[in-house]
């Protein structure tokens, strides 16, 4: 038997890992500089957009100052305007959309990656990817002329049985009166959020499916070999592995929902007031406000619209930074339960 002697570091000194370096050629150098230039270009464009919005909105912000964040009305020509109700409607529509799209996207992604047979999986992936190509105006028209009419019964049911929850309460609605007009439920935050939620679900589904499909095969087979059911394997291996991807996909979809324009414009009826009643007719979002008023706005009105756009821009940046932080901390795939 031969003993192997391993040299130990001198007393009082900790071993240091050997640094690995490579002297790349011209192609590696060009590639690295190209990536750096692309990253810097993105930052420059983003900063330029923010500076442009800030410059064009300076006049309105100078007049309203902090009242711009607290005023609900939108009458810039008489210097009585603010983003409070508009931003509130934007966030609520986006939250309704995420509430609708997230369970749908998770279940669809799990079915495609874990349950569907190979021939159905290819068809489902192609259909989900093709949904990205559908213009938002098509979703808006479909929601306005078809989906909204079929969702009135759902909204009425929520208003009848869950009116004790403030967000589901509808003013001037009597559930015992069958002649109550259905118009109280149309053009609401709920209707707009449902349509936007169906628009962003394919984005979430596609990202989640890619993450779920990369779960380690060894851990999958190990869980099944130990007697776990398919759902048990998904719950203990696939979902923990894809946690970061699920969060990232949801936050990315939230950013898309915050800025959706045409579908929201076609469905909602503008109402410049903060309302917690998501089923009641009347709402507004920043993108819908700009779309509705841009063509007829005065010079000062345009500055006010740019200020609203600046608020949405900052909000979107905050959401994206929060998503990056959450994903970095969750470390998708770092561990499974």
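Derivation of every value follows stated rules applied to the coordinates shown; laboratory data play no part. Please read all numbers here as calculations on a predicted model, not as lab measurements. So basically every Cβ, Gly included, is an ideal-geometry build from the backbone, and we count neighbours across all protein chains shown.
What the table shows:
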{"item": "On Cα atoms only, tilt of 84-110 relative to the major axis of the chain in degrees", "result": "50 degrees"}
{"item": "Cα→Cβ-extended label distance, 7 Å offset, between residue 28 and residue 299, nm", "result": "5.9 nm"}
{"item": "Full-stretch length increase - residue 70, residue 328 - with 0.36 nm per residue and alpha-carbon distance subtracted", "result": "89.5 nm"}
{"item": "Degrees separating the helix 118-130 axis from the principal Cα axis of the chain, which is the longest one", "result": "50 degrees"}
{"item": "Packing-based order for 229-239, 184-194, 98-108, 261-271, using average beta carbon neighbours within 10 Å, highest first", "result": "184-194, 261-271, 98-108, 229-239"}
{"item": "Over the chain, relative contact order from alpha-carbon pairs under 8 Å, at least 6 apart, %", "result": "27 percent"}
{"item": "Between helix 243-258 and the chain: long-axis angle, C-alpha atoms, 0 to 90°, nearest 10", "result": "30 degrees"}
{"item": "Gaussian network model of the chain, springs between alpha carbon atoms under 10 Å - residue of 174, 320, 292 with greatest fluctuation", "result": "174"}
{"item": "log10 of Debye I(q)/I(0), alpha-carbon scatterers only, for the chain at 0.08 Å⁻¹", "result": "-0.55"}
{"item": "In nm, spacing of pseudo-spin labels at residue 230 and residue 77 (7 Å Cα→C-beta vector)", "result": "6.3 nm"}
{"item": "Rel. contact order, % - alpha carbon contacts under 8 angstrom, at least six apart, segment 237-337", "result": "53 percent"}
{"item": "Footprinting exposure proxy for 303, 183 (fewest neighbouring C-beta atoms within 10 Å first)", "result": "183, 303"}
{"item": "Within the chain, helix-based [θ] at 222 nm, where runs of 4 or more DSSP H residues each add -39,500 (n - 2.57), nearest 500", "result": "-20000 deg cm²/dmol"}
{"item": "Stretchable slack from residue 55 to residue 104, in nm (0.36 nm times residue separation minus alpha-carbon distance)", "result": "13.5 nm"}
